[in-house]
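What follows is one structure encoded as structure tokens, with my remarks underneath.
The values are calculated or read from the model by the stated rules, or taken from the named source; none is laboratory data. Model, not experiment: these values are computed from the prediction. As a convention, Cβ positions derive from the backbone with ideal geometry for all residues, glycine included, and neighbour counts pool all protein chains shown.
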Amino acid sequence: MAHAMVVTKSPKSVAGLHEASTMLVEREPVTLGEFSTQELYRELIARMHEDPSRDGLLATPGRVEKSMAFLTKGYTQNATQILRGAMFDVDYDEMVMVRDIEMFSLCEHHMLPFFGRVHVSYIPNGKVIGLSKIPRLVEVFARRLQVQERLTRQIADAIQEAIEPRGVGVVIEARHMCMMMRGIEKQQSTTVTSAMVGCFREQQTRAEFLSLVRQPGNSNL
Ligand SMILES: [Zn+2]
């Protein structure tokens, strides 16, 4: 790669790069790759008209970097790998249901949280998944930038691919901070999405699943 541009190294903020890029805009697309994640967050804070060097904010870029790495760790995890080794042959053909799985994700449009509960159900066809793996599966897909519809579908598809059950149903009830915090003030609204695969598309199975979802939780369990 022929890089004609030399950006002054180690600027205190990306503003240095901004000046350089204005001069070089015709020659080279701007790359921020040489800045650390913390430098970029520091720059973002400055652009919010804040002072990133004041006491309370000094360590913030580092904390945000860590926190965002945690909230998006699903990108480095693999659903197939998690389910492998947790599948068992079982002669059971009734509905398996794990409900009220806590879910926290980030909407990909605003990078603000959406959170709620996931209900997962399937009817085995010779194989079941270790129950503790289902919340982990939810985590793999929730800890990414998401839309609720895709999250719902990915959970259902991963189970379908792993054990090829007779069917899978996933329902997510969630509240979106991008709706609650910003102007439109729909604080109480819940978004419900569902994905039905195989026999869960049939009226009777779907109805049984949805009635289980609607039953009030038993917090004494
Ligand atoms: Zn959003």
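Structure summary
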| item | result |
| --- | --- |
| Given (1) under 18 Å from THR190 (Cα atoms); (2) of a type outside the set (Phe, Trp, Tyr); (3) away from the ligand (no atom under 16 Å from the Cβ); (4) part of a loop (DSSP other than H, G, I, E, B), number of the condition HIS109 does not satisfy | (3) |
| Subset of the range 149-188 that is within 16 Å of the ligand (Cβ to nearest atom) and crowded, with 20+ Cβ neighbours inside 10 Å - its residue that is farthest from TYR92 (Cα to Cα) | HIS176 |
| Residue ID - surrounded by the most Cβ atoms within 10 Å (Cβ to Cβ), chosen from residues in the range 85-95 that are touching a residue at least 60 places away in the same chain (Cβ under 8 Å) and part of a loop (DSSP other than H, G, I, E, B) | MET95 |
| Counted residues, the range 43-67 - those being closer than 20 Å to ARG143 by Cβ and either among the charged types (D, E, K, R) or assigned by TED's automatic domain parsing to the domain that holds ASN125 (or both) | 3 |
| Residue within the range 96-103 that is touching a residue at least 12 places away in the same chain (Cβ under 8 Å), more than 16 Å from the ligand (Cβ to nearest atom) and under 12 Å from the mean Cα position of the chain (by Cα) present | no |
| In the range 162-193, the residues that are under 20 Å from the mean Cα position of the chain (by Cα) and assigned to a helix (DSSP H, G or I) | MET177, CYS178, MET179, MET180 |
| Lone unmet requirement of (1) more than 28 Å from GLN38 (Cβ to Cβ); (2) away from the ligand (no atom under 16 Å from the Cβ); (3) of a type in the set (Ser, Thr, Tyr); (4) not in a loop (DSSP other than H, G, I, E, B) for TYR75 | (1) |
| Any hit, the range 132-143, residues being under 20 Å from the mean Cα position of the chain (by Cα), within 16 Å of the ligand (Cβ to nearest atom), part of a loop (DSSP other than H, G, I, E, B) and basic (Lys, Arg) | no |
| Residue check for PHE114: buried (at least 20 other Cβ atoms within 10 Å of the Cβ), closer than 27 Å to ARG182 by Cβ, more than 16 Å from the ligand (Cβ to nearest atom) and at pLDDT 95 or above | no |
